[in-house]
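These notes are about the structure you will find just below.
The values are calculated or read from the model by the stated rules, or taken from the named source; none is laboratory data. Remember, it's a predicted structure, so these values are computed and weren't measured experimentally. Glycine also receives a Cβ, built like all others from the backbone with ideal geometry; neighbour counts cover every protein chain displayed.
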Amino acid sequence: MKSFRRLVYPYMVWAALLIVAPMLIIVLYAFTVGGNDVVPFRVSLENFVRFFSDSIFIGVLWRSIKLAIVTTIVCILIGYPAAYFIAKLEGNSQAVMVLLITAPQLINMLVRTYAWRGILLNTSFPAEVKVYIGMIYNFLPFMILQIYTSLAKMDKSLITAANDLGCDNRKAFMKVTLPLSVPGIISGVTLVFLPAVSSFFIPKLLGGGSFLLVGNLIENYFVTTGDWNFGAAVSLIMTVIILISMYFTRKLDYDKEAR
Amino acid sequence: MKKKFDYKKLYLALILFFFYAPIIYVIVFSFNDSRSLTNLTGFSIRWYEKMFRSRSMMESVYYSVLIAVIATAVSTVVGTIASIGLSKSRRVVREVVTQVNNLPMLNPDIVTAIGLMLFFSTLSIPTGFGTLLLAHIMFCIPYVMLSVTPKLRQLDDNLAEAALDLGCTPFQALWKVIIPQIKEGIISGALVAFTMSFDDFVISYFTTGPGINNISTYVYSTSKRINPSINALSTLIVIAITLILIVMNVIPMIKQRRKRNEEIM
């Protein structure tokens with residue numbers, strides 16, 4: 001049986017090359033600037049200084065974080081009732097609803113966003129609102145399905161018990177259902193916040209060129225200007241922000257469980 | 001008793017309307033007679049004709065399918081083999097590989113994408129079909145492993161041991177004993193891999209080269225101009241996915257019915 005161990009070795013080489021090495025190269029690029037004929041590059045913090053000393057870049061970063069937070073909150077507010085109502089349906093209708101919500105997601109995200117462009121073309125919404133609609137449209141299904149999964153797993157007799165012990169429906173919801181669905185909300189937040197903060201084609205297709213997010217900044221520096229060092233630094237900054245926010249979201253979950 | 005107004009169903013109906021509105025819009029406007037994306041002027045199939053005549057559009061469909069098929073096949077085989085090896089490995093190795101696999105699944109796509117782009121450029125590998133395919137295989141394998149690994153954990157080690165004791169070669173033990181028991185995990189892993197690959201835009205956008213577009217990168221590259229034949233293309237995708245969903249949901253039903261009939265007989 002131990003001979004089977006060897007089966008993983010080729011994949012370890014592959015993963016080191018195609019998963020680990022690219023991440024290291026991003027870090028390398030972020031902490032260097034292009035050199036001259038004598039030295040190909042030199043180590044420097046220049047990219048980070050440039051980012052944090054420019055109010056335009058800080059503005060773009062702040063806008064992305066705000067957009068991701070608002071999108072996540074709206075997805076919870078719209079998605080929670082939806083998930084709750086689905087969980088209250090009969091078994092068969094539940095499965096049908098889940099299928100109906102999953103089905104559009106199988107269509108390319110880009111194609112669906114392109115469709116919204118047509119719909120929003122004859123509205124006079126400001127660019128920001130259009131981008132929000134696109135974001136919520138693309139990420140709401142993740143939230144609904146995650147919350148629904150945690151609600152469906154819940155033991156229904158707990159509610160009956162709470163009612164028997166004198167809780168009215170509202171109190172039973174606040175004390176039993178809501179706390180038990182927190183893990184679903186947390187995984188929903190992970191699935192919405194992360195792609196929302198790094199998104200770049202939704203703002204580009206729906207907001208026109210005017211609505212710039214961190215993702216667009218990275219795209220511009222890699223595709224248009226070709227300043228890869230600065231682009232790598234921007235994506236490193238974004239990754240660190242995501243890691244920090246994920247850490248706090250997860251911590252919220254663990255604290256809850258620990259109690 | 002008067003029936004209470006069912007606001008729950010209304011709410012769910014509104015949610016579904018929100019999810020399906022753009023799809024309905026695309027289908028309706030794909031038959032529009034004019035270029036306009038806002039006014040319906042009459043029925044025509046000219047955008048479908050234009051789509052089938054457009055070489056670049058047809059090529060993008062071809063590449064999307066081809067890449068998804070190859071990436072699914074390769075990542076399913078490699079991912080399954082790697083998972084089996086991993087399940088027999090030491091704990092440290094398991095932890096490390098799992099963490100590394102988490103990287104592309106948890107990192108934003110754009111970070112994975114530029115990492116690969118810089119990697120290919122560092123090794124001076126010219127971008128194109130090959131790099132696009134490598135990138136897709138790379139991000140599909142972790143998903144396959146994620147769905148195969150739980151099945152391996154449920155596996156009874158004694159069965160493979162028994163097969164070896166009874167004279168099976170390790171390969172036979174793998175093929176005849178282990179694989180059949182983790183089949184479900186392999187199939188669902190392959191399905192996830194296929195959808196991930198077929199839907200991908202961000203990683204494809206940064207790792208493909210000149211002249212090679214999948215559907216996503218094609219739509220993105222032409223999105224500056226108004227091009228209603230993209231509506232026609234979208235409609236075809238919607239029809240294809242609907243057909244696949246129907247088949248996937250109907251086949252198990254027929255199988256179940258047949259089984260029941262056999263039991264009765």
Look at the range B:135-177 and say how many of its residues are closer than 30 Å to B:D109 by Cβ and of a type in the set (K, R).
2
Note on the range B:79-93: residues at the interface with chain A (Cβ under 9 Å from one of its Cβ atoms) and touching a helix residue (DSSP H, G or I) at 6+ places or on another chain (Cβ under 6 Å) are B:G79, B:I81, B:A82, B:S83, B:I84, B:G85, B:L86, B:S87, B:K88, B:S89
Please pick out the residue among A:S199, A:S210 that is away from every other protein chain (no Cβ under 11 Å), small (G, A, S) and either in contact with a helix residue (DSSP H, G or I) (Cβ under 7 Å, 6 or more places away or on another chain) or within 22 Å of B:D200 (Cα to Cα) (or both).
A:S210
Quick one: which of A:I159, A:I144, A:I136 is surrounded by fewer than 21 Cβ atoms within 10 Å (Cβ to Cβ) and within 11 Å of another protein chain (Cβ to nearest Cβ)?
A:I136
Going by the conditions given, is B:T149 among the hydroxyl-bearing types (S, T, Y), in contact (Cβ under 8 Å) with a residue 40 or more places away in the chain and not in a helix (DSSP H, G or I)?
no
If B:S216 passes every condition in (1) within 8 Å of chain A (Cβ to nearest Cβ); (2) buried (at least 19 other Cβ atoms within 10 Å of the Cβ); (3) out of contact with any Asp or Glu (no Cβ under 8 Å at 6 or more places or on another chain) but one, which one does it miss?
(3)
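The rows are residues; the columns are (1) touching a residue at least 40 places away in the same chain (Cβ under 8 Å); (2) assigned to a loop (DSSP other than H, G, I, E, B); (3) not polar (S, T, N, Q).
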residue: B:S188; (1), (2), (3): yes, no, no
residue: B:M196; (1), (2), (3): yes, no, yes
residue: B:Y205; (1), (2), (3): yes, no, yes
residue: B:G211; (1), (2), (3): yes, yes, yes
residue: B:I226; (1), (2), (3): yes, yes, yes
residue: B:I237; (1), (2), (3): no, no, yes
residue: B:T242; (1), (2), (3): no, no, no
residue: B:I246; (1), (2), (3): no, no, yes
residue: B:I254; (1), (2), (3): no, no, yes
Could you list, in sequence order, all residues of the range B:163-186 that are crowded, with 17+ Cβ neighbours inside 10 Å and not in a helix (DSSP H, G or I)?
B:I182
So which of A:G209, A:G226 ends up being outside any helix (DSSP H, G or I) and over 20 Å from the mean Cα position of the chain (by Cα)?
A:G226
Identify all residues within the range A:162-174 that are surrounded by fewer than 15 Cβ atoms within 10 Å (Cβ to Cβ) and either assigned to a helix (DSSP H, G or I) or in contact with a helix residue (DSSP H, G or I) (Cβ under 6 Å, 6 or more places away or on another chain) (or both); write none if there are none.
A:N163, A:D164, A:N169, A:R170, A:K171, A:M174
Could you say whether any residue in the range B:31-44 is part of a helix (DSSP H, G or I) and either at the interface with chain A (Cβ under 9 Å from one of its Cβ atoms) or without any contact (Cβ under 8 Å) to a residue 12 or more places away in the chain (or both)?
no
Selected residue [among the β-branched types (V, I, T), buried (at least 16 other Cβ atoms within 10 Å of the Cβ) and free of Cβ contacts under 8 Å to residues at least 60 places away in the same chain] from A:I218, A:I244, A:I237:
A:I218
In the range B:70-123, which residues are more than 30 Å from B:Q154 (Cα to Cα), more than 23 Å from the chain's Cα centre (by Cα), in a helix (DSSP H, G or I) and aliphatic (A, V, I, L, M)?
B:L118
Any idea which of (1) over 21 Å from B:L236 (Cβ atoms); (2) more than 20 Å from the chain's Cα centre (by Cα) is the one B:S34 doesn't satisfy?
(1)
Give me the residue from the range B:1-17 that is more than 7 Å from chain A (Cβ to nearest Cβ) and in a helix (DSSP H, G or I) and, out of that set, modelled with the lowest pLDDT.
B:Y7
Can you name every one of the helices (runs of 4 or more DSSP H) wholly within the range A:1-120 that holds 1 or more residues which are of a type in the set (F, W, Y) and at the interface with chain B (Cβ under 7 Å from one of its Cβ atoms)?
A:9-15, A:21-30, A:55-88
Would you point out the residue of the range A:121-133, among those that are assigned to a helix (DSSP H, G or I) and of a type outside the set (S, T, Y), that is surrounded by the most Cβ atoms within 10 Å (Cβ to Cβ)?
A:V131
